[in-house]
Amino acid sequence: MGEDFGRLFEEFERTAFRLETLDEYDIDEEREEIERFLSGGDMGPEWADNPWVRSMTDQGKQVSRVHVLRSPLTDYLRYELSAYPGNVTAGETIGIVDLSGQTVTGLPDHDFWIFDDRDVYRMHYTETGAFVGGELLPPQALAEYRGYRDQALSAAVPFVAYWERHR
C-alpha cells in the first residue's frame, strides 16, 4: 500500500496539500535519524534542502502542509519541526496550528492529502503512528476536505514565524 501511495507524489501535476495531526509517526526509515537528532548529531545536507520536496518543486509543483499540534512538543515533533527549514528551503509552504495557544474547532482528527485539488486521500495509521495506507475518498468528500484545508491554512501561523518563537 505504501509504494502505491508513494507514486502519487510522482504523478500529481500541480498541487499537493497535507494536513498532519499526529504527535508521533512511526517510520522505520527515520529511526536512526531520530536517534542521531536526539543525541545532537550532524543531520547531514538533506536537512538544509530536502531532496524529496525539491524533486517536486523543481518541476513547478506546489507542496504545502499544515501541522496541527500541541505544545510542549514530543521528541518526535521536535525532530520533525527541526527538519522543516530544509523543506521550506526546498520550496514547501508549511503552517503550524498550535492548539495550546489557539482554539481551532472543526478540523478532522486525522491526516489527509489533497492532490491537484481533485483527489483526497485519508491517511490511516496504527495507534503508534505506523502508516497503514491512504484511502481515496469518494468525489463527494472533496468539498468537505477543501473546507478543512482552507480552514487550516487560515488558522495556521507560517512555520518560520512559529519556529522563531518556539525553537
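A short reminder: the numbers here are calculations on the coordinates, not readings from a lab. Note that the structure is predicted; figures quoted are calculated from it, not measured. Ideal geometry is used to build each Cβ from the backbone, glycine not excepted, and the neighbour counts take in all protein chains shown.
Just checking the listed ones, ARG31, ARG149, ARG18: in the Gaussian network model of the chain with Cα springs under 10 Å, the one fluctuating most is ARG31. Compared with the direct C-alpha span, the chain from ARG7 to TRP52 gains 14.9 nm at full extension, assuming 0.36 nm per residue. Alpha-carbon geometry of region 25-69: the Rg and the Dmax are 13.2, 36 Å, given in that order. Dividing the summed helix terms, -39500 (n - 2.57) for each DSSP H run of n ≥ 4, by the number of residues in the chain produces a 222 nm estimate of -10000 deg cm²/dmol to the nearest 500. Among beta bridges from DSSP that stay inside the chain, the antiparallel ones total about 55%.
The three principal axes of the C-alpha atoms in the chain carry coordinate ranges of 46, 35, 32 Å, sorted with the longest axis first. Among the GluC sites (Glu not before Pro) found in region 7-92, those both in a DSSP coil and sparsely packed, with 13 or fewer other Cβ atoms within 10 Å of their Cβ, are GLU13. Per residue, the Cα convex hull of region 13-100 amounts to 95 Å³. Along each principal axis, taking the top coordinate minus the bottom one, the Cα set of region 78-159 gives 34, 27, 27 Å in descending order.
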